[in-house]
Amino acid sequence: MGYSAPRGTVDILPGQSEKWIKLEQLLRTIAANYNVKEMRTPIFEHAELFNRAVGDTSDVVSKEMYTFQDKKGRYISLRPEGTSGIARAYVENKMYGLPEKLQKVYYMGPMFRYERPQNGRQRQFHQFGVEMLGVESPYVDVECMLMAVTVVEALGLQNVTLHINSLGDDASRDAYREALKDHFRDHLDELCGDCKARFEKNPLRILDCKVDAKHPAMKTAPKTIDYLSESAKNHFDKVCSLLDDLEIDYVIDTNLVRGLDYYSHTVFEIISDDPKLGAGATVGGGGRYNGLIEEIGGPATPGVGFAFGMERLLLALDNEEDEDEDGLDCYIMPLGEEAKDLAMQIIAMLRANGFTCEMDHVSRGLKGQFKSADRFNAHFSIILGEEEVKNEVVNIKCNHDKEQVVVPLENILAHIENHLSGGHEHE
Ligand code: HAM
């Protein structure tokens, strides 16, 4: 009997995990550069949190959530996104009371959505997300966008565009909702069942319906930007002028509403035209969510953030830069049982001194072992035959300059260090 991984999940194997580690390190470096600290929250939360925060009319909650009852009958969901958990933890840990008003955090990890798997879309996928909580200011919106653009630039991604829009404040959205209802009322019969329900509960969601995307009424729908209150318009104008001052390219995309319900004011997406992802794929997105913390029981607290799909970042990166795989420092090649005992001593000593090492564990001849040294791209091969064991020496070959020398056991470390630092004197 064989098992396969559940549909929409992927094993990350050695050879691929190195790319993940590189990406993660780069993201951590950028986060430090922006003074954003890591925060880790549970992978599962009470289902009610997501119903509340993301919204039960969103596809993410109504169709894509992995929800189950635990042994006590509680409804638990695997997190479909990171913002809700961060918001919950922010309130629960009273982070709003910290002396520093603006709390900037990031997270990296798996998220779960029951979607139809395809290139760049999985059921278990990973996000790198950033949340900036506590301050309502267009400067903070722009700091978020700037950070997202920095990520894209640091990775050298080509063909990406920053799309922005504003959903405005409560007053703007109330006015906009009414305008949308007036617009879609005459087309209700032609729209799908979901959209009919959305019309009553949350007409904004009609705009990102996948079924009705091509309906002509979508194109002629009113635009959020025409319904902004004065203060919401001022906020958005300031965001745009800050982006202009920083010479960050963007397009105002009046159809951008995002798929989660918690947004207000600025929303943005980074869209890639890389054919590997399929045209128009979103690599990352986010926006402001001033009502969220209050919605889940905290004090009124503004917030803004974004998340990138890490698989999508890696897909867009693929081929753009070939990995120069890091090799081993030493590959130890024992010939015979006695040599293996000694090899074990040598490898332990070298590792304790910070060298990355491997040894042969399958008792092969020289030829097979040299092949491994090659595959591991080892700087040094340390050969230990019967003769060497008897004479208490090893044969060290530098695989870069091909120099091969016999070295007494006690001088192995000194020889390697000396060779690496450029000195080639013979022991
Ligand atoms: P989102 O747009 O739902 O936003 O997801 C962010 C990114 O996650 C997407 O742009 C995409 O790259 C990636 N993603 C989403 N679903 C999948 C999937 N099934 N497979 C692979 N990648 C996927 C959020 O999740 C918000 N929490 C972002 C945010 C943070 N807004 C404010 N703060």
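Matching residues to (1) exposed (fewer than 14 other Cβ atoms within 10 Å of the Cβ); (2) out of contact with any strand residue (DSSP E or B) (no Cβ under 9 Å at 6 or more places or on another chain); (3) aromatic (Phe, Trp, Tyr):
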residue	(1), (2), (3)
8	no, no, no
14	yes, yes, no
27	no, no, no
33	yes, yes, no
39	no, no, no
47	no, no, no
56	no, yes, no
67	no, no, no
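Looking at 351, 288, 312, which one is farther than 21 Å from residue 129 by Cα and not polar (S, T, N, Q)?
Result: 351 is the single residue among 351, 288, 312 that is farther than 21 Å from residue 129 by Cα and not polar (S, T, N, Q).
Take region 376-396 and flag every residue that is on the phi < 0 side of the Ramachandran plot and within 41 Å of the chain's Cα centre (by Cα).
Selection gives 376, 378, 379, 380, 381, 382.
Which number in (1) touching a helix residue (DSSP H, G or I) at 6+ places or on another chain (Cβ under 9 Å); (2) not in a strand (DSSP E or B) marks the one condition that residue 165 misses?
Here residue 165 meets the rest and fails (2).
For the structure I just gave you, tell me whether residue 120 is modelled with pLDDT of 95 or more and either small (Gly, Ala, Ser) or open to solvent by less than 30 Å² (accessible area, probe 1.4 Å) (or both).
Against the criterion (modelled with pLDDT of 95 or more and either small (Gly, Ala, Ser) or open to solvent by less than 30 Å² (accessible area, probe 1.4 Å) (or both)), residue 120 does not qualify.
Looking only at helices (runs of 4 or more DSSP H) that lie completely in region 212-313, which have at least 3 residues being within 30 Å of residue 51 (Cβ to Cβ)?
Correct list: 230-245, 292-295.
Please find, within region 260-270, the residue that is farthest from the chain's Cα centre (by Cα) out of those that are among the β-branched types (Val, Ile, Thr) and near the ligand (Cβ under 9 Å from one of its atoms).
If we take residues in region 260-270 being among the β-branched types (Val, Ile, Thr) and near the ligand (Cβ under 9 Å from one of its atoms), then 267 is farthest from the chain's Cα centre (by Cα).
Could you list, in sequence order, all residues of region 173-211 that are open to solvent by less than 30 Å² (accessible area, probe 1.4 Å), more than 23 Å from residue 268 (Cα to Cα) and either part of a helix (DSSP H, G or I) or free of Cβ contacts under 8 Å to residues at least 24 places away in the same chain (or both)?
Within region 173-211, 184, 192, 195, 199 qualify.
Look at region 335-391 and say how many of its residues are more than 21 Å from residue 408 (Cα to Cα), surrounded by fewer than 16 Cβ atoms within 10 Å (Cβ to Cβ) and touching a residue at least 40 places away in the same chain (Cβ under 8 Å).
1
Kindly indicate whether any position in region 230-241 is open to solvent by 20 Å² or more (accessible area, probe 1.4 Å) and among the aliphatic types (A, V, I, L, M).
No: region 230-241 contains no residue that is open to solvent by 20 Å² or more (accessible area, probe 1.4 Å) and among the aliphatic types (A, V, I, L, M).
Residue under question is residue 289, and the condition is that it be aromatic (Phe, Trp, Tyr) and either closer than 30 Å to residue 364 by Cβ or at pLDDT below 95 (or both); does it hold?
Numbers: aromatic (Phe, Trp, Tyr): yes; either closer than 30 Å to residue 364 by Cβ or at pLDDT below 95 (or both): no.
Judged against the criteria, residue 289 is not a match.
The values are calculated or read from the model by the stated rules, or taken from the named source; none is laboratory data. The shown structure was predicted, so the numbers you read here are calculated from the model rather than taken from an experiment. Note that each Cβ is placed from the backbone with ideal geometry, even for glycine, and that neighbours are counted across all protein chains shown. For the accessible areas, the whole protein counts, side chains as well, though only heavy atoms, and no ligand, DNA or RNA atoms are used. Shrake-Rupley method; radii C 1.70, N 1.55, O 1.52, S 1.80 Å.
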